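Laboratory data are not the source of any read-out in this text; all were calculated from the coordinates shown. The shown structure was predicted, so the numbers you read here are calculated from the model rather than taken from an experiment. Note: ideal-geometry Cβ built from the backbone for every residue, glycine included; neighbour counts use all protein chains shown.
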Amino acid sequence: MIVFENVSKKYSNCSVLDGINIRIAPQEFVSIVGRSGAGKSTLVKLLIAELKPTSGHIFVDKIDVTKIKSKLMPFYRRKIGIVFQDFKLLNFRTAYENIAFAMEVANLPHKKIKDDTMKILRIIGLEDRKDHFPAQLSGGEKQRIAIGRALALKPEILIADEPTGNLDPIHTWDIINLLVKINELGTTVVLASHDKEIINSLGKRVISLEKGRVIRDEEEGRFIV
């Protein structure tokens, strides 16, 4: 369960988020939508504890993210996988090695890393590209690898922050369909997007932000501009 409880965020005298109250159930697929500057990226940064709110509380599985100690932050962040618009892959590592990297940092056994990495490659449909470097992959393939890397530590929550912003329409739908598949396998998915066509085609819950406030929260919602 993700809970935003009367959360506000200000920079100097500028209010970016104002009184946000949101509840997201386990295994839900939720889209956070709004125009540029609506507060979507700030909300994501608060959820991954990159920022702290000016006021209010954020809970993930009863953990108060606003009070978490820095030494416990790595353990908290293993609960959450995040995918960005610009991939953030390691260019000198292959597709396989990019996915395996997080497990290596966590000191998991070699056999488990190998087995889990191959399983992820099957899920994202890139077994045949495992030995390719990012420069040898298309934009859509790079984003699928980025999603695979985000899944490496089996997070409970996957956050996709404008994951299709740099992709053409065909690769865009590949990524969206993959996110739906991951959600169906049991992972909570939070998609931040300003792509009206995608959101309106999903038929999932939509939370609309405008000027830092929640203006709509609808099951099977639509992105209304």
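With the biggest extent put first, the Cα atoms of region 47-150 measure 47, 30, 23 Å across the principal axes.
Among Leu209, Leu90, the order by Cβ neighbours within 10 angstrom, fewest to most, reads Leu90, Leu209.
Rounded to the nearest 500 deg cm²/dmol, what is the calculated helix-only ellipticity per residue at 222 nm for the chain, with -39500 (n - 2.57) per DSSP H run of length n ≥ 4?
The helix contribution divided over the chain gives -9500 deg cm²/dmol.
Between Ala106 and Lys10, the contour length at 0.36 nm per residue exceeds the alpha carbon distance by 31.1 nm. Taking every C-alpha pair closer than 8 Å and separated by at least 6 residues, the mean separation divided by the residue count of the chain gives a relative contact order of 28 percent. Treating the Cα atoms of region 6-105 as identical point scatterers in vacuum, please give the log10 of the normalised Debye intensity I(q)/I(0) at q = 0.16 Å⁻¹, two decimals. Log-scaled intensity ratios, in q order: -0.85. Once the Cβ-Cβ distance between Asp64 and Phe133 is put in as r, and R0 is 41 Å, what FRET efficiency do you end up with, to the nearest 0.05? About 0.50, to the nearest 0.05. Here the chain carries DSSP beta bridges of which approximately 50% are antiparallel, counting only pairs with both residues inside.
Hydropathy at least -1.0 by Kyte-Doolittle, axial extent at least 15 angstrom from the Cα trace: which helices of the chain, defined as entire DSSP H runs, fit?
Values: long enough: 95-105 (16 Å, 0.64); 110-123 (20 Å, -0.84); 139-150 (17 Å, -0.71); 169-184 (23 Å, 0.34).
Span-like helices in the chain: 95-105, 110-123, 139-150, 169-184.
For the Cα trace of region 146-206, dividing Rg by the Kirkwood Rh returns an Rg/Rh value of 0.93.
Each residue in Met103, Met1 was given a count of other beta-carbon atoms within 10 angstrom of its own, and listing them fewest first yields Met1, Met103.
List the GluC sites (Glu not before Pro) within region 135-225 that fall in a DSSP loop (any state other than H, G, I, E or B) and whose Cβ has at most 10 other Cβ atoms within 10 Å. It would help to have the intermediate numbers written out before the result.
Working: sites: Glu141, Glu156, Glu184, Glu197, Glu210, Glu218, Glu219, Glu220; in loops: Glu156, Glu219, Glu220.
In loop regions of region 135-225 (DSSP not H, G, I, E or B), the sparsely surrounded GluC sites (Glu not before Pro) are Glu219, Glu220.
Label sites at Leu90 and Lys211, each approximated as a point 7 angstrom past Cα along Cα to Cβ, lie 4.6 nm apart.
For Val16, nonlocal amide neighbours, meaning residues 5 or more places apart or on other chains whose placed amide H falls under 5 Å from its own, are Lys9, Lys10, Tyr11.
Counting only C-alpha contacts under 8 Å and six or more residues apart, can you give the relative contact order of region 11-84 as a whole percent? Walk me through the numbers on the way to the answer.
Values: 31 pairs, mean separation 14.3, N = 74.
So the answer I get is 19 percent.
By the rule of a C-alpha distance below 21 Å, with chain neighbours fewer than 8 residues away ignored, the lysines paired with Lys142 are Lys88, Lys114, Lys119, Lys130, Lys154, Lys181. Between Val33, Val105, Val44, the Gaussian network model of the chain with springs among Cα atoms under 10 angstrom shows the greatest mean-square fluctuation at Val105. The charge dipole of region 1-102, taken about the Cα centre with unit charges on the Cβ atoms of Lys, Arg (+1) and Asp, Glu (-1), comes to about 260 debye, rounded to the nearest 20. Summarised in one figure, the compactness ratio Rg/Rh of region 101-206, Cα atoms and Kirkwood Rh, is 0.97.
Per residue, how big is the convex hull around the C-alpha atoms of the chain? Give it to me in cubic angstrom, could you? Show your work: numbers first, answer last.
Values: hull volume 28.0 nm³, N = 225.
Normalising the Cα hull of the chain by residue number yields 124 Å³.
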